Structures are given as structure tokens and as C-alpha cells.
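Participant: Just dropping this structure here.
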Amino acid sequence: MRRPSANAARKPVGKGDRTGFLARMRTAGNWPWSRAVYLGRREIGTLVTLLLFAALTLAFGIVANEMSSGNTRSFDNAIVLAMRNAANPSDPLGPIWFESMVRDITSLGSNAVLIILTLGTVGFLALSGARGAALHVLVSVGSGAILIQVLKELFGRVRPDVVPHAVSEVTRSFPSGHATLAAVTYLTLGALVARVQTKPALKMYVLFVAIVLTVLVGLSRVYLGVHFPTDVLAGWCLGSAWAIACWLVAVQLQRKGQIEKRIGA
């Protein structure tokens, strides 16, 4: 019986065969370049997030230093007065219905609303089996609330006295508790929801809504005369930095399997 030659046993490898081979190599995890690219992108994303955290923390420190030195007083007073009727500083700009709407918006950053929202989210996550995520949300928002109270007492800034307050407040002014806690809560929850989404458009939409809510709450505090602009700016910086720090912790815990990557999975 005639044995086939070595050259006859070799079949030409077509384009389809090469494509299938490459796909199998990637699927089997034996494709070092693709894995290196994936790891590189992940590390670059982490680095960018860390730089953003550092920038926000630095911005908070600069605002706090300028405020403590008294360098922001004229700027703060000018902005607060610009939002009032020049003939009657006790009257905020705009019709009565707009002022009422702003009061409703500012309540979105109140302790009562944020506590209800946080506990409702924690309960939902726990019942969905995502107990790690539930604990993370509770610790993130709770620690942020404690931090803001400590900083308020540390800086001890009094509320604006250039205009009458449109709502009653009894705590210190710097940094804004509403702006800080709104950033911590809405951005933390927004990042959590965005992380379990697969469509980029949904991720962007969720984060966009969280940012808009945070900005609106902060602006409402200045409009109502209960905060200086630098109070709110510092609150945005501090709350956003805290939310980013909590998000970075969540990412690491997810990689270790201590926080669920999918809700209800």
C-alpha cells in the first residue's frame, strides 16, 4: 500500500481557517496581545479615575484655604446678591412658583430624602441577593454623612448674612451638606447602576441624571440664600471625590468577588 507523502498530507490553510483559529486562541485565553490590551485599558481607566480624584481633592483644599483666608468673601456676597431683587434683597429672583420649585429641588439633597433613598436601595439590593453591594452603599453614604458633619464643625463657617434665608437652617455653612451628600449619594448610586448595565448609552444616561441632580441641588442652596457659592463648590468637589473613592473600592471588591457584578444574578 502506497503511503501518502508529507507534502500531500498538508492542506492549505484558508482565510476562514485562520480566522477560526485566531478566534479559538482568543477564547481559550492564549492570546497575550489581546489580554495585554485589555489590562492596559483597565489600568489606564483606573489611573484616569485616580487623577480625577486627586484633582477634586486638590480643588476642595484650594477652596477651603481661600475661604479660610477670607479671600472669597466679596465673590460669595456678589453671587448671593445677584440672585436677589436689587430693590428687595429678601425676594429671590423669579416668580413665586419658581421659588417654590427651587425649594422642592433643594429637598432632594435633604437628610430625610437621602436616607429614604439610600435605605430603599439597600433593601432592594439585599432582597436581590446583592448583599455585598448593599453593604457598600450603606457604608459609602453613611461615612460621607459623618465626614461632612466633622468638616462643618472643623471649619465653623456661619451662614450667609447678606440676605434673609428662604429656608431655615441651623448647621454650619462650609462645606454645603446638601451639595456634598447629594454628590455622594446620587453619584454612588449612579455608578452602581451604570456598572451593571451593558449598553454604553444607558451607562452615560444614568451618570448624566446623577450629575444633573447633584448640580441642581447645589445651585438651589445658593438661590435660597442659605449657602455661599464656595460652600457649594467645595461640597461638589468633596462629594464627587468621595463617590469616586467609593467606586474604586467597589471595583476592587468586585474583582475579589466580595461585591456582586450583577444584581439579581
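Laboratory data are not the source of any read-out in this text; all were calculated from the coordinates shown. Keep in mind that what you see is a predicted model, and the values were worked out from it rather than measured. Note: ideal-geometry Cβ built from the backbone for every residue, glycine included; neighbour counts use all protein chains shown.
Participant: Could you point to the residue in L50, L81, G132 farthest towards the positive end of the range 32-255's charge dipole, with +1 and -1 charges on the Cβ of Lys/Arg and Asp/Glu respectively?
Facilitator: Most positive-ward Cα: G132.
Participant: Moving on. List every residue whose amide H lies under 5 Å from the amide H of I259, counting only residues 5 or more places away in sequence or on a different chain, with H placed 1.01 Å from N in the peptide plane.
Facilitator: Q254
Participant: So, in Å, what gap is there between the alpha-carbon centers of the range 82-138 and the range 182-235?
Facilitator: Using only Cα atoms, the two centres lie 10 Å from each other.
Participant: Report, by chain and number, residues whose modeled amide H sits under 5 Å from the one on R84, excluding near sequence neighbours (fewer than 5 apart, same chain).
Facilitator: Distant-sequence amide H within range of R84: L93.
Participant: OK, next. What does the convex hull of the alpha-carbon atoms of the range 206-258 project to on average, in nm²?
Facilitator: 4.2 nm²
Participant: Using label points projected 7 Å from each Cα along Cα→Cβ, tell me how many nm separate A112 and Q197, to one decimal.
Facilitator: According to this spin-label approximation, the distance is 3.0 nm.
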